[in-house]
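> Handing you this structure, nothing more for now.
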Amino acid sequence: MFIRQRLFISYLVVVLTPILFLSCLFFINSKKSLEEAEFEKLRGIAELKVKNIETIFSVLRQDITIAQDYYNIKLNLPILINFKDDETNPAYIKAKDMLFGQLRWLVVNRGLLDLKLIDLEGRIVYSINKKHDELEKGKTAAYFSKSEWQKGVRFSDIFVHMDHYAMLISAPAYDLQNNPSGFIVFEVDMEPIYETIQGTTGLGKTGETLIGKKIATGALFL
């Protein structure tokens, strides 16, 4: 009887060992395949979000580049700068009125919080949304200087403005002789961009998206 038990146990070991081995191998391969499929799906979602964000900023970059060629700005920004301390001057009022229709259209159609024209000293000489000026004088003065016009289109860091997260996009402005006269500045509402980022399509019930950038010591989550 004892011999039979030993033979039976030996038989089980011989039979079950390859089965267990194959089962473990199947489990490991299945787990690896599942993880690779999930990571590939996440990479696809991340790439789509990146593409959407890049498209938004590409359109804004294109818009501000086109605005650099506006005859309206080339003509009237120098006038606004010359009469910035005399806003009742007829020349100032005429220049301001000429700008409003075109720039207001751009603000509304692109969902901007504001559009500003700034002199080379960083002083706001014109804006569509005047209530933003007092809160942003410090930012614009620190952000712009006489030499910055040479640097092309620039994107500021994100900052909190009233109840919005915002970003400034700037480009140098020129007069009719193509001399630097100041800056064109878009104040961009980050809310639509955050909505694009925070969408959970394809991420299940607990998925979320974070934005980060590489730094010397690792990654900084924004």
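The values are calculated or read from the model by the stated rules, or taken from the named source; none is laboratory data. If you're wondering where the values come from, they're calculated on a predicted model, not measured in any experiment. Just the protein is used for accessible areas: all its heavy atoms, side chains included, with ligands, DNA and RNA removed. Shrake-Rupley method; radii C 1.70, N 1.55, O 1.52, S 1.80 Å.
> Cross-link list LYS51/LYS84; LYS84/LYS151; LYS74/LYS130; LYS130/LYS151: which exceed 31 angstrom alpha carbon to alpha carbon? Display every interim value, and only then the final one.
On the way: LYS51/LYS84 41 Å; LYS84/LYS151 25 Å; LYS74/LYS130 21 Å; LYS130/LYS151 27 Å.
Exceeds cut-off: LYS51/LYS84.
> Given the Cα-Cα distance of ARG43 and ASN72 and 0.36 nm per residue of separation, how much length would full extension add, in nm?
Going from the current span to full extension adds 6.0 nm.
> Continuing with the same structure: Leaving out ligands, DNA and RNA, what percent of the accessible area of region 32-117 is carbon and sulfur, probe 1.4 Å? Write out the running numbers ahead of the final one.
Details: 3070 of 5320 Å².
The C+S portion of the solvent-accessible surface of region 32-117 is 58 percent.
> Over the Cα atoms of region 35-119, how large are the radius of gyration and the largest Cα-Cα distance (Dmax), in Å?
20.2, 69
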